[in-house]
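A short write-up of the structure that comes next.
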Amino acid sequence: MQEVEFIWKNGKIIPWAEATVHLMTHGLHYGTSFFEGIRVYETPEGPAVFRLEEHIKRLHDTAKIYGQTITFSVEEIITACEDVIRANKLKSAYIRPIAYVGYGSMLVAPKECTIDLAVAAFPWGAYLGDEGLNNGIDACVSSWNRAAPNTIPTLAKAGGNYLSGFLICSEAHDRGFDEGIGLTVDGKLSEGAGENLFLIKNGVIYTPDSSSSILSGITRDTIITLAKEMGYEIREQAISREALYLADEVFFTGTAAEVTPVRSIDRKQIGEGQAGPVTKKIQKTFFGMFNGTTTGHEHWLHHIAPAASAQKSA
Ligand SMILES: Cc1ncc(COP(=O)(O)O)c(C=O)c1O
């Protein structure tokens, strides 16, 4: 991780090195944290946060699923994101807002919880590597399933959910793959350890629906919107495992993974064994939102105005 100077915590900008928690913090023991991953892109008009409001609303929604309230409003957290980007003078970045049940009780579900909130922002390149972004990655279907319905809610982006991702991803790495794909408990496709999954067959784009134990990704929604505008038919539905092997193209989406082509699954080549033509077109349209070549979605970009003092001196 590339360290920066400052982090925002409970309303204040503090030095990175001082952003620590007590060892008896509840979230550390029981996975009771609610978080987001958001990207800041360098655009011709300066740094812009992608779909910031949607991410912060999802953070509040995650807390709501767990019956918790983040005391900072969506607007206040948006301001915190802006402040931490400016404080660290970042042009592009990954933002990590995290709310967690804090110090004070070792009960699994304390009656009164302190919910702390921090927002970090730091530089982060392609999650699955530049090579993967351009030429595709090698994935496998994991022996670990995603959480069953009505166990750990997958529409919540909570710390504890990532124990599933940890198992899926580390098994994939141990077996020599770049990423693992989890199935639902009834053997249908779900998603990658930290990404949503799309496949293309005969020009139609398929993705597991929201009842397939997925996180309802904001990048997933972006790609569905862009692909429909590009004239593709999109089907959100339950998908069998073997459909993956027979797909013409497969790709992952996520804030960290962006749009990453998958060139093989379980050592079976997908399509031509490289980024396919539809995937490439979608990638180009996606990244075009940040260099100005894709228009019509400017409302998804939250521009960070320079700090007042910098404005004066400019
Ligand atoms: C399990 C999981 N699925 C899907 C996604 C993609 O979600 P988004 O596009 O909102 O980043 C993520 C990314 O955080 C994830 O962790």
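Tally up the residues in the stretch 68-82 that are assigned to a loop (DSSP other than H, G, I, E, B) and open to solvent by 80 Å² or more (accessible area, probe 1.4 Å), please.
Within the stretch 68-82, residues that are assigned to a loop (DSSP other than H, G, I, E, B) and open to solvent by 80 Å² or more (accessible area, probe 1.4 Å) number 2.
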Scanning the stretch 2-15 for residues that are touching a residue at least 60 places away in the same chain (Cβ under 8 Å) and outside any loop (DSSP other than H, G, I, E, B) gives 6, 7, 8, 9, 13
Would you check if residue 160 is within 30 Å of residue 98 (Cβ to Cβ) and outside any strand (DSSP E or B)?
yes
Residue selected from the stretch 154-181 under the condition over 16 Å from the mean Cα position of the chain (by Cα) and not hydrophobic (A, V, I, L, M, F, W, C), by the criterion most open to solvent (accessible area, probe 1.4 Å)
174
Can you say whether residue 34 is open to solvent by 40 Å² or more (accessible area, probe 1.4 Å), of a type in the set (Phe, Trp, Tyr) and not in a helix (DSSP H, G or I), as far as the supplied structure shows?
no
I'd like to check which strands (runs of 3 or more DSSP E) are fully inside the stretch 182-272 and have at least 1 residues that are under 27 Å from residue 38 (Cα atoms), touching a residue at least 60 places away in the same chain (Cβ under 8 Å) and within 14 Å of the ligand (Cβ to nearest atom).
189-192, 249-254, 258-265
Set 95, 85: member being within 21 Å of the chain's Cα centre (by Cα) and either in a strand (DSSP E or B) or over 28 Å from residue 75 (Cα atoms) (or both)
95
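The values are calculated or read from the model by the stated rules, or taken from the named source; none is laboratory data. Keep in mind that this is a model prediction, so the values were computed, not measured. FYI the Cβ positions are ideal-geometry reconstructions off the backbone, even for glycines, and counts take in every protein chain you see. Surface accessibility is based on the protein's heavy atoms, side chains included, excluding ligands, DNA and RNA. Shrake-Rupley method; radii C 1.70, N 1.55, O 1.52, S 1.80 Å.
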